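Each reported figure results from applying straightforward, stated rules to the coordinates on display, with no laboratory input. Just so it is clear, the structure is predicted and the values come from calculations on it, not from any experiment. Please note: Cβ atoms are built from the backbone with ideal geometry, for glycine as well, and neighbour counts cover all protein chains shown.
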Ligand code: DX5
Ligand code: ZN
């Protein structure tokens, strides 16, 4: 069954505890946390201190998506704060291999992510190291953007590569996931769906999570 990772980017930051508990009780699998530095992407969100604050609120996997320049500067901080998966952009550092080694050295799961304009070939050399590969289906920076279906071919490639080489990574999709796009993601080979605005911009988040499960069956 597909895993659902609500993105707290679309939660109410004044009621973050409530909004995390809400999706936890409604059967979410991961909590997706978007970290933006205003440089790698044109928006600023939150840092490791927020991870520390929300860690006691839930036992769910904290899936931390770093959209920051040179993420290796912060890996230790996020690991200590309680992240379970730390995902770095291939475009954000000239040392993505080293960054992933650093994540693994902390004992956490290492993820790698590529923007819509970046091909899978860029990350092929680090796929053996990856516990998670995240495919952006929007340009990162904001919630609520339109899904880019042309990115799904990369999910198919990654699914094929892991079968061919025996890689163990999960494939996650981030951006524009809703009741209309979720099925195409799972059909392409995705295991985890991030959903921000679709889940949180509703009075009934439970219904939204349930619908994502139904349409991907
Ligand atoms: C975008 C973030 C996403 C965002 C997705 O840069 O990485 O995780 O929260 O939001 P939706 O699901 O609304 O596209
Ligand atoms: Zn994200």
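Write down the percent of antiparallel bridges among all DSSP beta bridges whose residues are both part of the stretch 20-92, to the nearest 5.
Working: 1 of 12 bridges.
Restricted to the stretch 20-92, the bridges split so that about 10 percent are antiparallel.
Considering all alpha-carbon pairs of the stretch 50-135, what whole percent are spaced by more than 19 angstrom? The partial results should precede the final answer.
Details: 1185 of 3655 pairs.
Roughly 32 percent, once rounded to a whole number.
So, in Å, what gap is there between the alpha-carbon centers of the stretch 30-100 and the stretch 160-216?
If you average the Cα positions of each part, the centres end up 20 Å apart.
Kirkwood hydrodynamic radius for the chain: how many Å is it when counted over pairs of different Cα atoms?
17.0
Run through the DSSP bridge list for the stretch 3-128 and note the antiparallel percent, rounded to the nearest 5.
Values: 1 of 18 bridges.
In the stretch 3-128, DSSP labels about 5 percent of beta bridges as antiparallel.
If packing is taken as the average number of other Cβ atoms within 10 Å across a peptide's residues, how do 164-173, 180-189 rank, most packed first?
Numbers: 164-173: 17.1, 180-189: 18.7.
Order by mean packing, descending: 180-189, 164-173.
Size of the stretch 1-56 along its principal axes in angstrom, Cα-based, largest extent first?
Largest first, the stretch 1-56 extends 35, 25, 17 Å along its Cα principal axes.
Report the antiparallel proportion of the DSSP beta bridges in the stretch 3-215 as a percent, rounded to a multiple of 5. Please report the intermediate quantities before stating the final value.
Numbers: 1 of 33 bridges.
Roughly 5 percent of the DSSP beta bridges within the stretch 3-215 come out antiparallel.
Normalised by the residues of the stretch 3-215, what does the relative contact order come to in percent, with Cα pairs under 8 Å and at least six apart? It would help to have the intermediate numbers written out before the result.
On the way: 435 pairs, mean separation 42.0, N = 213.
About 20 percent, as a whole number.
Under a no-solvent Debye model with one identical scatterer per Cα of the stretch 65-187, what's log10 I(q)/I(0) at q = 0.10, 0.12, 0.14 Å⁻¹?
-0.29, -0.42, -0.57
If the chain between residue 215 and residue 77 were fully stretched, how many nm would it gain, using 0.36 nm times the residue separation less the Cα-Cα distance?
Details: separation 138, 0.36 × 138 = 49.68 nm, distance 3.76 nm.
Computed gain between residue 215 and residue 77 is 45.9 nm.
In the stretch 132-217, how does Rg compare with the Kirkwood Rh, expressed as the Rg/Rh ratio over alpha carbon atoms? Working shown, then result.
On the way: Rg = 13.0 Å, Rh = 13.2 Å.
Rounded to two decimals, Rg/Rh equals 0.98.
Using C-alpha positions alone, give me the convex hull volume of the stretch 167-217 per residue in cubic angstrom.
Numbers: hull volume 3.7 nm³, N = 51.
It comes to 73 Å³ per residue, whole-number rounded.
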